[in-house]
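Visitor: Starting off with a structure, shown below.
Values quoted throughout were computed directly from the atomic coordinates according to the rules given, and no laboratory measurement underlies them. Remember, it's a predicted structure, so these values are computed and weren't measured experimentally. Note that we place each Cβ from the backbone using ideal geometry, even for glycine, and neighbour counts take in every protein chain shown.
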Amino acid sequence: MQQADAVTRTTQETEPTAVRIRAQRTVTYFFQTGAWPDSSSTETGLKIPYEVAFNGTVQRRVEGWPKRIVGRTRFSIRAPEGTEVSLYLNTDSLPGGRQFPVYSVTPQHNDIYVKVTERRGIQAARPVVTLDRSAVDKTTGAMTDYYSALLHGDTWASISRKYTEQEAADLIPADCDSGIRSAIMSVYRVLTQPTVIVNCATPQDRTITITFSDADNARSNIRNFDNLSDGLTRIHPIGLFALMDAARLAGVETLNITSCWRPLLGSIAHRAGIGLDVNRIGDATDSIRLNRGELIGSGPDLPWVSERERQLFRASRQSAEARRRWIAEMEANRPALFAAFRQQLQDSPHVQQLFDPWYIDSNTHDAAAPTPNDMAPGNANTHKDHLHITVNAPGIL
Ligand SMILES: [Zn+2]
């Protein structure tokens, strides 16, 4: 084991001084994310934005530290003995956050291993780190203190930034349509009902009615959760701006947002408030359910999946030409209003990802074209019945 040494240093100005060099200890975090039945690979391998603090001061990244903490993958830090090591996670790790340090430990003579288990259900408010035992670690051969802790909904709420009206005003573009601006402000002032009406300045007389569905995942995992005050205010304001502005430009008059911020389901995008789901859009004449599950026999009968498309889809893997024919038929029946809305989102600098029943695009700013949604298990299948947008916000994905 490494021991603390006493060394003697001499400078020209001072007498020889005994300086105690503190031993370095290894602090390892292991996040067992998605510790519930049927967790997805996105959940078990969850990528969490983080910063490390020593005695409350955020540390510069050291070579070898990962870009994100990854679920079920060890993350080790070297820290001098006697240093309090803590983590800032999720949006609380970003500049302007850093209000809620978690999983703090102070190594003394031993290394430290902290296992954090992410569980669903209503749990105690504060993430408590408990010392379970001390033993020689099989991997490192060093004497190690083993701690355990929980990550639950209340913790996610603490480490997820809640935006004020002023912060929203500062984040949305300066040239934002004034009707959209006041609608966004009303969300962060906290709505009294789950609906907001946007009275656009341009074009005049265009109104967009936005309805928010209740948040089951947040409600069942956070004490006293209220979606209007605790959920909608954790949406990155640019997400609302992107959806409202695309609706304004495409002529969408109704929009149903089914999920926004939520703690214990899916990717980091929703947990960081930069993911938003829409399952229905409409205008004066049409109401479009964004669902194409019918293509694989698991959705309602809707006009945008023709019998001919179902046949062409079944044959689409046979050749490039067969695939082209399937895509042409899919395109022929795609509702024009949705196509226009999606194109606005695709062109928006504020959007990073678009997943919908027709197309999948994990980076809307790269050269690669969106991929037709073939409903393959995983991300494509998940988006057979709604549109997901991820906001282009630095430091999260
Ligand atoms: Zn989503």
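Visitor: Add +1 for every Lys or Arg and -1 for every Asp or Glu among the other residues with Cβ under 12 Å from the Cβ of residue 296, and state the total. Please list the in-between numbers first.
Guide: Numbers: positive: 292, 310, 314, 384; negative: 294, 309, 374, 385.
Around residue 296, the charge tally is 0.
Visitor: Relative contact order of the range 165-391: what whole-number percent is it, with Cα pairs under 8 angstrom and at least 6 residues apart? Let's see the in-between values first.
Guide: Details: 425 pairs, mean separation 36.7, N = 227.
Relative contact order of the range 165-391: 16 percent.
Visitor: Which residue, 297, 45, 97, has the most motion in a Gaussian network model of the chain that connects Cα atoms within less than 10 Å?
Guide: Among 297, 45, 97, the largest mean-square fluctuation in the Gaussian network model of the chain belongs to 297.
Visitor: Would any residue of the range 361-395 have its amide N under 15 Å from a label point 7 Å out along Cα→Cβ of residue 296? List them or say none.
Guide: Output list for this probe position: 372-386.
Visitor: Between the helical axis of 320-332 and the dominant principal axis of the chain, each derived from Cα atoms, what acute angle in degrees is found, rounded to the nearest 10?
Guide: Rounded to the nearest ten degrees, it is 70.
Visitor: Turning to a different aspect of this structure: For the range 221-260, which trypsin sites (Lys or Arg not before Pro) are in a loop by DSSP, counting at most 16 other Cβ atoms within 10 Å? Before the final figure, lay out the partial values.
Guide: Working: sites: 223, 234, 248; in loops: 223.
Taking the range 221-260 and a limit of 16 other Cβ atoms within 10 Å, the loop trypsin sites (Lys or Arg not before Pro) found are 223.
Visitor: Among 128, 49, 178, whose Cα lies farthest out toward the positive end of the dipole of the chain, if unit charges sit on the beta carbon of Lys, Arg (+1) and Asp, Glu (-1)?
Guide: 128
Visitor: Taking only Cα atoms and a 10 Å spring cutoff, compute GNM fluctuations for the chain and point out the largest among 165, 321, 331.
Guide: Checking each option, the largest mean-square fluctuation is seen for 321.
Visitor: Please order 31, 313 by the number of other Cβ within 10 Å, starting at the fewest. The partial results should precede the final answer.
Guide: Working: 31 27, 313 22.
In increasing order of surrounding Cβ atoms, one gets 313, 31.
Visitor: Now, a different point. What does the convex hull of the alpha-carbon atoms of the range 255-397 project to on average, in nm²?
Guide: On the way: hull surface 36.1 nm².
If you wrap the Cα atoms of the range 255-397 in a convex hull and average its projections, you get 9.0 nm².
Visitor: Let me ask you something else. Classify the range 334-388 as rounded, prolate or oblate from the Cα gyration tensor: take a ≥ b ≥ c as the square roots of its eigenvalues, call it rounded if a/c is under 1.5, otherwise prolate when a/b beats b/c and oblate if not.
Guide: Numbers: a/c = 1.89, a/b = 1.24, b/c = 1.52.
Oblate, since a/c reaches 1.5 and b/c is not below a/b.
Visitor: Can you give me the P(r) profile for the chain? Cα pairs, bins 20 angstrom wide beginning at 0, each as a whole percent.
Guide: 25, 47, 22, 5, 0
Visitor: Angle between the Cα long axis of helix 178-188 and the longest principal axis of the chain, 0 to 90 degrees, nearest 10?
Guide: Its long axis makes an angle of about 50 degrees.
Visitor: Additional query: Treating only the Cβ of Lys, Arg, Asp and Glu as charged (+1, +1, -1, -1), what charge dipole size does the range 165-391 show about its Cα centre? Round to the nearest 20 debye. Mind showing how you got there, number by number?
Guide: On the way: 22 positive and 28 negative charges, 117 e Å.
For the range 165-391, the charge dipole is close to 560 debye.
Visitor: Could you give the dipole magnitude of the range 44-141 about its Cα centre, charging the beta-carbon of Lys and Arg +1 and that of Asp and Glu -1, in debye to the nearest 20?
Guide: Values: 15 positive and 9 negative charges, 88 e Å.
Its charge dipole is roughly 420 debye.
Visitor: Helix 336-347: angle to the longest alpha-carbon principal axis of the chain, degrees 0 to 90, nearest 10?
Guide: 30
Visitor: Which order do peptides 344-352, 381-389, 190-198 fall in by mean Cβ count within 10 Å, highest first?
Guide: In decreasing order of mean packing, 344-352, 381-389, 190-198 become 381-389, 344-352, 190-198.
Visitor: About the Cα centre, and with charges only on the beta carbon of Lys, Arg (+1) and Asp, Glu (-1), how big is the dipole of the chain? Nearest 20 debye, please.
Guide: On the way: 43 positive and 44 negative charges, 189 e Å.
Dipole magnitude for the chain comes out near 900 debye.
Visitor: Working from the pairwise distances between different alpha carbons, so that the mean of 1/r is found and then inverted, what is the range 22-158's Kirkwood radius in Å? All intermediate terms of the calculation are to be shown ahead of the outcome.
Guide: Working: mean 1/r = 0.0652 Å⁻¹.
The Cα-based Kirkwood calculation yields 15.3 Å.
Visitor: Next question. Students often forget the sequence filter, so: which lysines lie under 18 Å Cα-Cα from residue 115 once same-chain residues fewer than 8 apart are removed?
Guide: 47, 138
Visitor: GNM on the chain, C-alpha springs below 10 Å: top fluctuator among 311, 99, 343?
Guide: 311
Visitor: I want to check the label-to-label distance for residue 190 and residue 62. Put each point 7 Å from Cα in the C-beta direction and report it in nm to one decimal.
Guide: 4.3
Visitor: What number, in percent, do you get for the relative contact order of the chain if the mean sequence gap of Cα pairs under 8 Å and at least 6 apart is divided by its residue count?
Guide: It rounds to 11 percent for the chain.
Visitor: Could you work out the helix-only [θ] at 222 nm for the chain, with each DSSP H run of four or more residues adding -39,500 (n - 2.57) and the total divided by the number of residues, to the nearest 500 deg cm²/dmol? Could the numbers behind the result be given before it?
Guide: Values: 11 runs with 87 residues, N = 397.
That comes out to -6000 deg cm²/dmol.
Visitor: Answer with one residue from 303, 313, 284: the one whose Cα lies farthest towards the positive end of the charge dipole of the range 232-326, charges on Cβ with Lys, Arg +1 and Asp, Glu -1.
Guide: Most positive-ward Cα: 313.
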